[in-house]
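The values are calculated or read from the model by the stated rules, or taken from the named source; none is laboratory data. Since this is a predicted model, take the numbers as computed values, not measurements. In this analysis, Cβ positions are derived from the backbone assuming ideal geometry, glycine residues included, and neighbour counts consider all displayed protein chains. To get the accessible areas, we keep the full protein, side chains included, count just its heavy atoms, and leave off ligands, DNA and RNA. Shrake-Rupley method; radii C 1.70, N 1.55, O 1.52, S 1.80 Å.
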Amino acid sequence: MSKGVLLSLIATLLALPCAAHGVVDLAVRFVAPEFVAGGSTTSIDVVVDALAFDSAFGATLFISINETRVTGSDPAWRCTSGPELIQCTAEELTGGPHAIHLSVKVPVNASTLRALATVDSLGSVDPEPANNKGNLLSRVFDSSRCRQNAPEIVGDLTWTTVPEALSYAMTTAWQGLQGPLAVAIEASGVIVSDPPARKLYVFDPTTQTLAPLPLFGDIVESPPTLDGGIVISPGHYLWVSDRGTHSVRYALPPPRYMYFAAKFDAPAAIAVDDKSNFFITDGASGVIHRMTYNSSKFDFAVSTLAGNAGLAGFADGRGAAARFSDPAGIAVDSSGNVFVCDRGNHVIRRITADGTATTLAGTAGVAGHEDGNAASSLFNRPFGIAIDAWGNLYVTEEGNHDIRKIAPNGRVSTVAEGLDRPAFLAIAPDGTLWIPDSGSGRLLHAAVASSERRRAVRH
């Protein structure tokens, strides 16, 4: 639309009575990709909602993004672009939403990249001619009352640099263990369980030494089998899911005196949140338990979060309606969502705080190896699972002998291959992966090799 046409349209509108002007309510929001790398080109959608109006003569949207180019648009919009500004005009809007697809080149050294949008409506005009500046109207008016009705601008999108690993350098930290199964991270080093030896060890990454971790207490009469997962809880307590003794045990901060916490059928793995709520997979009974400390009785209260004891299978649902098959590894995020390796079903499950289980990745009953979108991905007997500070899930697979990654946007990728029965892994605060490789008797260390990624964050 030319400037002359626009000015003619404004003059025509000014000559109309106020009540004749259409009501135009517009909202702008940004739909962004999950990740964007510095120096690369990615795409975002700017979605315009025409919410309520009698008739709309049109609207102009100005989008300011560094080094942006337009690759396409909704048919309702005509867009032109410059180095730092995109102008999209719709001569007539019907009910939204209308998406404008933009291609964005991300500056290599930019710590943030901000996308802002403003809307200028041609559907209503300010009755005061002095407020009409050229061919651009900076306000939207309610025609029924001739009063200003500011458009809602929803979305202020920035890209913030995060240490998101693109690749890992895998090395052997220690070899010669009989069959390492689980690891946990604490200040003194990496605790490793070795069930065939019935021992726990502490590996010191600084000195590159491995030393036995002595246990005291009830281990004399009933020694732990150490054939499940381990975890460190707030206060530096060490917790062990012990399948052989059908129990979960805990050991006090050093010296490690060990005690029974609760009995289970066959506890496979254990996770803990920042409030010291514990989550346990019970492989034999096919349920996921929640365990909390009852301070009034000085004992532990155990409840079923999801699943029905003795009824193995596959089903999404809430509480007892959910079904699992030989669940193994377990992790919990900062929001209280629990993630489970549903080993027998070859899928990764997510359980919300109210016990509702859904399938996060993989296809139930289908074993394989397929990266890509979570819904079309394939796993083969997923075993261990851990979550990093940025919401990425890392999964070890018995069947594929590898490590897979599930990003927050559902993208599945392969981190490492060619392992030999990788088991219950853990992640250090710096993002380093520690993996017990049971078949080879090694403790593996996977350090971040590159981390040049940016995550799209909505503010």
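Observations, loosely collected:
- Each residue in the range 226-237 was checked for being among the hydroxyl-bearing types (Ser, Thr, Tyr) and open to solvent by less than 20 Å² (accessible area, probe 1.4 Å), and 1 of them qualify.
- Residues of the range 238-252 that are under 24 Å from SER188 (Cβ atoms) and open to solvent by less than 30 Å² (accessible area, probe 1.4 Å): LEU238, TRP239, VAL240, SER241, ASP242, VAL248, ARG249, ALA251.
- Residues in the range 241-272 that are β-branched (Val, Ile, Thr) and within 24 Å of the chain's Cα centre (by Cα): ILE270, VAL272.
- Qualifying residue in the range 143-161 (condition: closer than 28 Å to VAL448 by Cα and either assigned to a loop (DSSP other than H, G, I, E, B) or modelled with pLDDT of 50 or more (or both)): no
- LYS275 vs. criteria among the basic types (Lys, Arg) and either closer than 24 Å to ALA361 by Cβ or within 30 Å of the chain's Cα centre (by Cα) (or both): yes
- All conditions in (1) in a strand (DSSP E or B); (2) touching a helix residue (DSSP H, G or I) at 6+ places or on another chain (Cβ under 7 Å); (3) more than 20 Å from PHE383 (Cα to Cα) hold for ALA328, with the sole exception of (3).
- The listed residue being in contact with a Gly (Cβ under 9 Å, 6 or more places away or on another chain), farther than 30 Å from PRO205 by Cβ and open to solvent by 10 Å² or more (accessible area, probe 1.4 Å), out of ASN400, ASN409, ASN373: ASN373
- Strands (runs of 3 or more DSSP E) lying entirely in the range 253-305 (those with 2 or more residues that are surrounded by fewer than 16 Cβ atoms within 10 Å (Cβ to Cβ)): 256-263, 287-294
- Breaking point among (1) assigned to a loop (DSSP other than H, G, I, E, B); (2) open to solvent by less than 40 Å² (accessible area, probe 1.4 Å); (3) in contact (Cβ under 8 Å) with a residue 40 or more places away in the chain, for GLY313: (3)
- Candidates ASN308, ASN337, filtered to the one that is surrounded by 15 or more Cβ atoms within 10 Å (Cβ to Cβ) and within 20 Å of PHE424 (Cβ to Cβ): ASN337
- Filtered residues of the range 435-459 (kept if farther than 17 Å from ILE230 by Cα, modelled with pLDDT of 95 or more and in a loop (DSSP other than H, G, I, E, B)): GLY439, SER440, GLY441
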